[in-house]
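Data block below; observations after.
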Amino acid sequence: MDERPIMWDAANRKHLGEDHPERGIALKEVEEVLSDPDRVEVYLAERQAYQVVGRTTAARWLVVIWIDQPGGRYPVHARAASKRIIRRLA
């Protein structure tokens, strides 16, 4: 699992923090999932990105997509994990 720093800039802060208020996902939750020691991380070759499924400190399951950057992990997408995904991992 990649433990490099999480990279934030104005674009991904806006997209993840403001563009989808209906998801109710805080940037802190994205960071928690990317730091979850029990997270499941897979490389999505067709998207050239990584998908992470993990839990926040409040036990909320999320799916986070991040892309590899020279300076670290750059989050580009986050959503609640489906019940199907949670069943597979719980």
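Every number here is computed from the coordinates shown, using simple stated rules; none is lab data. Source: prediction; values computed, not measured.
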**Q.** Stretchable slack from residue 43 to residue 82, in nm (0.36 nm times residue separation minus alpha-carbon distance)
**A.** 12.1 nm
**Q.** ³J(HN,Hα) computed for each position of the stretch 2-15 - Karplus, 6.51 cos²θ - 1.76 cosθ + 1.60, integer Hz, glycine/proline x
**A.** 7, 10, 5, x, 8, 9, 10, 9, 4, 5, 6, 4, 5, 4
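Run the helix sum for the chain: -39,500 (n - 2.57) per DSSP H stretch of 4+ residues, divided by residue count, reported at 222 nm to the nearest 500 deg cm²/dmol.
Values: 3 runs with 24 residues, N = 90.
Helix contribution divided over all residues of the chain: -7000 deg cm²/dmol.
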Q) Once the chain is represented by equal point scatterers at the alpha-carbon sites, with solvent omitted, what log10 I(q)/I(0) does the Debye formula produce at q = 0.13 Å⁻¹? A) -0.38
Q) Binning every alpha carbon pair distance of the stretch 1-42 at 10 Å from zero, what are the percents per bin? A) 27, 49, 24
Q. Top mean-square fluctuation among 36, 19, 68, Gaussian network model of the chain, C-alpha springs under 10 Å?
A. 19
**Q.** Candidates 16, 34, 44, ranked by Gaussian network fluctuation over the chain, Cα under 10 Å, top entry
**A.** 44
